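Since the structure comes first, as structure tokens, the remarks are kept for the end.
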Amino acid sequence: MSFFSLALTEEQRDLRDWVHGFAAEVVRPAAAEWDSREETPWPVIREAARIGLYGFESLAEMYGDPTGLSLQIANEELFWGDAGIGMALFGTSLAVAGIFASGTPDQLAEWVPQCYGDQDDPKVAAFCVSEPQAGSDVSAMRTRARYDGAKDEWVLSGQKAWITNGGIAEIHVVVASVEPELGARGQAAFIVPPGTPGLEAGRTIKKLGLRASHTADLFLDDVRVPGHCLLGGKEKLDARLARAREGGTAKGQAPKGQAAMATFEVSRPTVGAQALGIARAAYEYALEYAGQREAFGRPIVENQSLAFALADIRTEIEAVRLLIWQAAWMARNDRTFDAGQGSMSKLRAGELAVAATEKAVQILGGAGYSREHPVERMYRDAKIYTIFEGTSEIQRLVIARAITGRHIR
């Protein structure tokens, strides 16, 4: 006899409570300072590494959850604490996801631990895809990878833009075009080890939100990396390129399948969980404020229009969490996103974060517009979730193509 349950396991509840405690006791008290400083919060990263929250082992345990929920639970709780610090901690996981998506077991064992460093000297990693002329359209990528057979080296040249941890990362995972005429199918991912000549950071980008997370442009000037730094290996790449030239794909692989898109598909529910954490934090703060703030002789929460707005946000939070959990389960269990469920989760969560934080600012009124309350920071942090890792428009395009089976433009 089988049954259906949405109850979390004891391990999942323990994880949720552990991360929530860290978010409440360490992250939130530091959030305003690091947002104002617009610097990477290394003391917080070191504390997270010290307790085992930041590191390869904890990520592996979360990823090992067969339900796919543990990583989403941890992200929601951490980003409930603060999104900027949350991204400083979880930005590395996108690079790790890129290694998992394309790398061999030996490459995972070699490079993933280096992405995190150790408790005494933690590091960060960067996943480098976006370019000045190739944001949502990754097929327009201009960064090139050329193989030097005489030295068994790959030579990378180009520019990357808006890279989380760019330039300060120990490991950079760079997606480049090997055969530009094949578009997205002609791309591959490469590890750039620490200290590799030719990789230079450009400007550090000053942002509307997520200010505690470092973002920069990168320049690759004939960056040479050993042949084994090609994720997946050259034999696998050559076979994939041959299929692409013939118009075919690997069994079970979508025609557009390549390093960047494979990583984004897996990561979208996790990005959705981050946005959900921001939305929940704003909702909870506005709810508490509305119960205490009085106007015209009574708490403002007793006004129907305001109470209904809070009811709508709470309803969306519950619905979006289920959508994220469904997509996470599907991704973890190799189920095809036949209706674009990964994009659905990121789309709805990102738009909810923007709507919930905007409503929180409105509920607090003038107080919400000031830096005396955290909702203005949440409002700034939320907007990026309708832009990065695929804009809302791109998510709708992915969903539309999935449900129609047609090439919607």
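The values are calculated or read from the model by the stated rules, or taken from the named source; none is laboratory data. Remember, it's a predicted structure, so these values are computed and weren't measured experimentally. Positions of Cβ are backbone-derived with ideal geometry, glycine not excepted, and every protein chain shown enters the neighbour counts. What goes into the accessible areas is simple: the full protein's heavy atoms, side chains included, and nothing from ligands, DNA or RNA. Shrake-Rupley method; radii C 1.70, N 1.55, O 1.52, S 1.80 Å.
Observations on the structure shown:
- Taking the conditions (1) at pLDDT 95 or above; (2) loosely packed, with under 15 Cβ neighbours inside 10 Å; (3) within 15 Å of residue 116 (Cα to Cα) in turn, residue 45 satisfies each one other than (2).
- Residue check for residue 130: of a type in the set (S, T, N, Q) and in contact with a Ser or Thr (Cβ under 8 Å, 6 or more places away or on another chain): no
- Answer from 304, 258, 253 - the residue that is farther than 30 Å from residue 81 by Cβ, within 20 Å of the chain's Cα centre (by Cα) and either open to solvent by 40 Å² or more (accessible area, probe 1.4 Å) or modelled with pLDDT under 95 (or both): 258
- Hits in region 282-296 - residues which are modelled with pLDDT of 95 or more and exposed (fewer than 11 other Cβ atoms within 10 Å of the Cβ): 292
- Members of region 272-312 that are touching a Gly at 6+ places or on another chain (Cβ under 8 Å), within 18 Å of residue 348 (Cβ to Cβ) and of a type outside the set (Gly, Ala, Ser): 274
- Number of residues in region 358-398 that are farther than 21 Å from residue 309 by Cα and more than 19 Å from the chain's Cα centre (by Cα) equals 4.
- Evaluation of residue 160 against (1) within 27 Å of residue 117 (Cβ to Cβ); (2) basic (Lys, Arg); (3) modelled with pLDDT under 95 (one fails), failing number: (3)
- Residue satisfying condition, being modelled with pLDDT of 95 or more and out of contact with any helix residue (DSSP H, G or I) (no Cβ under 7 Å at 6 or more places or on another chain), within set 320, 223: 223
- Residue that is most open to solvent (accessible area, probe 1.4 Å), among those in region 21-42 that are of a type in the set (Gly, Ala, Ser) and within 19 Å of residue 372 (Cβ to Cβ): 36
- Subset of region 1-20 (residues that are surrounded by 13 or more Cβ atoms within 10 Å (Cβ to Cβ) and within 14 Å of residue 81 (Cα to Cα)): 16, 18, 19, 20
- Restricting region 378-404 to residues that are part of a helix (DSSP H, G or I) and among the aromatic types (Phe, Trp, Tyr), the residue that is least open to solvent (accessible area, probe 1.4 Å) is 385.
- Some residue of region 114-129 being in a helix (DSSP H, G or I), open to solvent by less than 20 Å² (accessible area, probe 1.4 Å) and in contact (Cβ under 8 Å) with a residue 12 or more places away in the chain: yes
Residue by residue, here is whether (1) over 29 Å from residue 163 (Cα atoms); (2) touching a Cys at 6+ places or on another chain (Cβ under 6 Å); (3) assigned to a helix (DSSP H, G or I) holds:
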position: 7; (1), (2), (3): yes, no, no
position: 21; (1), (2), (3): yes, no, yes
position: 27; (1), (2), (3): no, no, yes
position: 30; (1), (2), (3): no, no, yes
position: 36; (1), (2), (3): no, no, yes
position: 39; (1), (2), (3): no, no, no
position: 50; (1), (2), (3): no, no, yes
